[in-house]
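A.B. asks: What follows is a single structure, and I will ask about it in a moment.
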There are 6 protein chains.
Amino acid sequence: MPDSRRRNSTPKMVDISEKPVVRRQAIAEGRIVLRKSTMKLLEDGTIEKGDPLQIASIGAIQAAKSTPSSLVLCHPLPIAATSVDFSKSADSVTVRVEVTAESKTGVEMEALNAVSCALLNIWDVVKKYEKDENGQYPSCRIEDIHVVRKIKGGKGNHGSKETPPRS
Amino acid sequence: MPDSRRRNSTPKMVDISEKPVVRRQAIAEGRIVLRKSTMKLLEDGTIEKGDPLQIASIGAIQAAKSTPSSLVLCHPLPIAATSVDFSKSADSVTVRVEVTAESKTGVEMEALNAVSCALLNIWDVVKKYEKDENGQYPSCRIEDIHVVRKIKGGKGNHGSKETPPRS
Amino acid sequence: MPDSRRRNSTPKMVDISEKPVVRRQAIAEGRIVLRKSTMKLLEDGTIEKGDPLQIASIGAIQAAKSTPSSLVLCHPLPIAATSVDFSKSADSVTVRVEVTAESKTGVEMEALNAVSCALLNIWDVVKKYEKDENGQYPSCRIEDIHVVRKIKGGKGNHGSKETPPRS
Amino acid sequence: MPDSRRRNSTPKMVDISEKPVVRRQAIAEGRIVLRKSTMKLLEDGTIEKGDPLQIASIGAIQAAKSTPSSLVLCHPLPIAATSVDFSKSADSVTVRVEVTAESKTGVEMEALNAVSCALLNIWDVVKKYEKDENGQYPSCRIEDIHVVRKIKGGKGNHGSKETPPRS
Amino acid sequence: MPDSRRRNSTPKMVDISEKPVVRRQAIAEGRIVLRKSTMKLLEDGTIEKGDPLQIASIGAIQAAKSTPSSLVLCHPLPIAATSVDFSKSADSVTVRVEVTAESKTGVEMEALNAVSCALLNIWDVVKKYEKDENGQYPSCRIEDIHVVRKIKGGKGNHGSKETPPRS
Amino acid sequence: MPDSRRRNSTPKMVDISEKPVVRRQAIAEGRIVLRKSTMKLLEDGTIEKGDPLQIASIGAIQAAKSTPSSLVLCHPLPIAATSVDFSKSADSVTVRVEVTAESKTGVEMEALNAVSCALLNIWDVVKKYEKDENGQYPSCRIEDIHVVRKIKGGKGNHGSKETPPRS
């Protein structure tokens, strides 16, 4: 009966109660492509609404904590640390977030949610400089949100190689 | 005095009280790149945790409504409609969200936040199928989140052309 | 093609942008069945965790305001008033909530959500007195949550009759 | 002094810090009474706003997680699993939710809150089909929300009997 | 019957549906008393957890928006602007927040909530420097949270004098 | 290079993953100064919107639980207990909150946030009686929010003395 095989059941939150509490870390990254003129304002610290990177950091930290309310099937986790770093090129900002918890399941969704929220906060803070004369955004884009590395246990998965940004 | 020019002031929520209430729409899009084997399971409706597109739709609608708590400087808006569509290729799902409001400011951040949240929900639902033997995600990525079009006023900005996906 | 007719599309938040802003009211009601001994404690004001009706009132008011985050397809509404009343029988408390807004859509889901949350708060406050020796709840139940009346426009639908409690 | 006996003190969140962390489960159930014509549409998968059971499942899972913000005196709990099941009769849908946690206090309020939120989401999704010509709901009702069983510890309370639905 | 006069009824959210939509503003202020050594670190920009004033600004803006979930009887309001300013003395930081909305009720609770949240965020960011060797806070205090001025209508209440800080 | 020393880095959520789980308690206090006439109404139980102390208690308990969403760098904590007490003078109400958790970091920010939210809820409930004829608040103020004592470990820091209210 192919029909019953095809029918999705209703969503399920996976049972993690039997899993051990382990130190978990995840690093995620993503990039927002901005105009060179916007990057210049950002470098000069003259963005009118405030410092996009300060605002994005806080957005990221809050997003890591509120992941279970944004991601339907995520479990609540006792996040122990969130750190946010930025690197800039001539036409983009890359956000890197590392999340740590001692928990029964991994924290990569928390890290991804934080990266995504940081990038959206940057967009919101600079949007005035990215719109064209018709109010459209011809070039602003968010690219390449990915998990750089997941680590399970105190020593890290040193054997595993990082997932690089898309070349 | 270059120093004072460089110093960002503290963040400001722009005053929109004098702006007229106008019908606003925004369409945003983004894509998640998945393994072909994951796409096959998605087509077959056999993803264990539930139907990723049902879950992503609901995540998107909830995210559109909660944008002011995720995006620090966004104003609360009376969202009047949110619709979510999906298109699939052999190795990706593209999410398209349209948000409508009668409001004093545009709704593109709501549409972008909804797209982003939909894509993250898809990732979370299929993550079991995207991990390699070391628990890493070698290929899963979110790409090309952008605003397709903003419309202000009842008739739309028909003169403006859409911002296409990155080729 | 019966199959395509049967396939639900993804969830949609209905577009209310063209609807007029009108004064809306809704009254909803529901009942929690409690042990007579619990009702006696409630009457005496000796419930250990606090006054269930004070707590339930506040739970109801907060629930009315947070309805769009609990009910996936509900629109955010500018709630103008919420009032909560209680009536008691020998073995039950009935909660009645009236919600008012000037809005593009009705407020019955807000009233129902408030009633439901009030009843659950009562349960939580008295649960110690409703458990048996095995920690089970042999008799505590929530019954008959219904919309008593919806009113659209300033004058009310005086012609319509109330939906009575189930006899 | 009868007066002081009668005076409720202010609400208190019970101290659970000394209680052991134990595996906890709770199953709750409730029912929404719908028109037979609505049930037919639900069976056919032709409800305009989406699939009520998919939406209700997600509403239930989110509600389980957000219980401490809805129920004033509930403690935050690390929910480990939530599953949602539905059964249908000719004129009703019954929702059954099971919640699991390793925690210092029971999860029955989480299960009850999830059932209640699922039922309200069903109502919201089908409300168009339940209103009469005056916009009233003559027959739609939520009935019999109760705890089927609480389980404490890994083996379950096999001796205890289930609390049946009200006949 | 003195008893019935004394008995508080259950909480009520005041009905504002008949009130006109008017431009509203409110300015509130408050102060956190810190060690001179902490103020020096703050001036130097060497607080380890980040810039307290950046973090406090964002906390304030988010708090203004989330006031109806913190303050039980507050109505949801379409906040149009929030601005945050700081002034420093040798041993304190004063936070001043101005909130603007076009709404049916005033925004002073939003301004007070934002001031309060800003001050608490400052405390949290500098707490390491305010604790003594026993982990106690011998001198850190929040003082004098008050409404400086409420303004109703476009022109302001120019006749009314400001409520000054307590001398 | 004094400049780099002065530049605040972006906000960081401190890593607590290596800290032991210990029983933690914190007691915080604060005061709202009200008119004698308002205090009389409060004593009489005739405040129109409800009992300010009941409402403030619940606001405090909810605030303790939601601290990580208000205070940007706070970690989510499994709060085990929150209790709220009030003492009244002729022209003020003092709120005292005690929070308990078994956690890797202290709970003083939770206690302070709860006190602050309780005081703001009192203000909101009595604001009608504190406004002058111009709608201003000439005398209502929140004063002296401070940590009375932090306790780490089961036995308390009995050697440490309380931080007294400001004389």
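A.B. asks: Taking just the alpha-carbon atoms of chain F, what radius of gyration and Dmax come out, in angstrom?
C.D. replies: 18.6, 64
A.B. asks: Would you kindly state the longest site-free stretch of chain A, with sites defined as GluC sites (Glu not before Pro) in a DSSP loop (not H, G, I, E, B) surrounded by at most 12 other Cβ atoms within 10 Å? Can you show the working numbers first?
C.D. replies: Values: sites that count: A:Glu18, A:Glu133, A:Glu162.
Formally, the longest exposed-site-free interval is A:19-132.
A.B. asks: Given the -39500 (n - 2.57) contribution per DSSP H run of 4+ residues, what per-residue ellipticity at 222 nm results for chain F, rounded to the nearest 500 deg cm²/dmol?
C.D. replies: Calculated from helices alone, the mean residue ellipticity at 222 nm is -10000 deg cm²/dmol.
A.B. asks: Additional query: Label-point separation (nm) for D:Ser139 and B:Ser139, each offset 7 Å from Cα along Cα-to-Cβ?
C.D. replies: If labels sit at D:Ser139 and B:Ser139, their model points lie 5.2 nm apart.
A.B. asks: Convert each backbone phi in the stretch E:10-18 into a coupling constant with the Karplus relation 6.51 cos²θ - 1.76 cosθ + 1.60 (shift: θ = phi - 60°), then list the ³J(HN,Hα) values in order as whole Hz, x for Gly and Pro.
C.D. replies: 6, x, 10, 8, 4, 7, 9, 5, 8
A.B. asks: Past the 32 Å Cα-Cα mark, which pairs from A:Lys127/D:Lys128; A:Lys127/E:Lys65; A:Lys36/C:Lys65?
C.D. replies: Working: A:Lys127/D:Lys128 39 Å; A:Lys127/E:Lys65 21 Å; A:Lys36/C:Lys65 43 Å.
Going by Cα-Cα distance, A:Lys127/D:Lys128; A:Lys36/C:Lys65 fall outside the 32 Å limit.
A.B. asks: So what does log10 I(q)/I(0) come out to for the protein assembly as shown at q = 0.10 Å⁻¹, using the Debye formula with one equal point on every Cα and no solvent?
C.D. replies: Computed log10 I(q)/I(0) values: -1.26.
A.B. asks: Further question: So which aspartates and glutamates pass the test for C:Lys49, namely a Cα distance under 13 Å, with those fewer than 8 places away in the same chain ruled out?
C.D. replies: Those aspartates and glutamates meeting the cut-off are C:Asp124, D:Asp15.
A.B. asks: Something else: With an 8 Å cut-off on Cα pairs and a minimum separation of 6 or more residues, tell me the relative contact order of the stretch D:45-146 in percent. Don't jump to the answer; show the numbers that get you there.
C.D. replies: On the way: 132 pairs, mean separation 31.7, N = 102.
The value is 31 percent.
A.B. asks: Just to be sure I understand the model, the point goes 7 Å from the Cα along the line to the Cβ. What's the resulting D:Glu48 to B:Asp132 distance in nm?
C.D. replies: It is 5.0 nm.
A.B. asks: Past the 31 Å Cα-Cα mark, which pairs from B:Lys104/E:Lys88; B:Lys19/C:Lys150; A:Lys152/D:Lys104; A:Lys19/D:Lys12? If you can, show how the numbers build up before the last one.
C.D. replies: Values: B:Lys104/E:Lys88 35 Å; B:Lys19/C:Lys150 34 Å; A:Lys152/D:Lys104 26 Å; A:Lys19/D:Lys12 33 Å.
Check vs 31 Å cut-off fails for B:Lys104/E:Lys88; B:Lys19/C:Lys150; A:Lys19/D:Lys12.
Read-outs throughout are calculated quantities, based only on the coordinates presented, and are distinct from any laboratory measurement. These numbers were taken from a predicted model, which means no experiment stands behind them. Glycine gets a Cβ as well: all are built from the backbone with ideal geometry, and neighbour counts include every protein chain shown.
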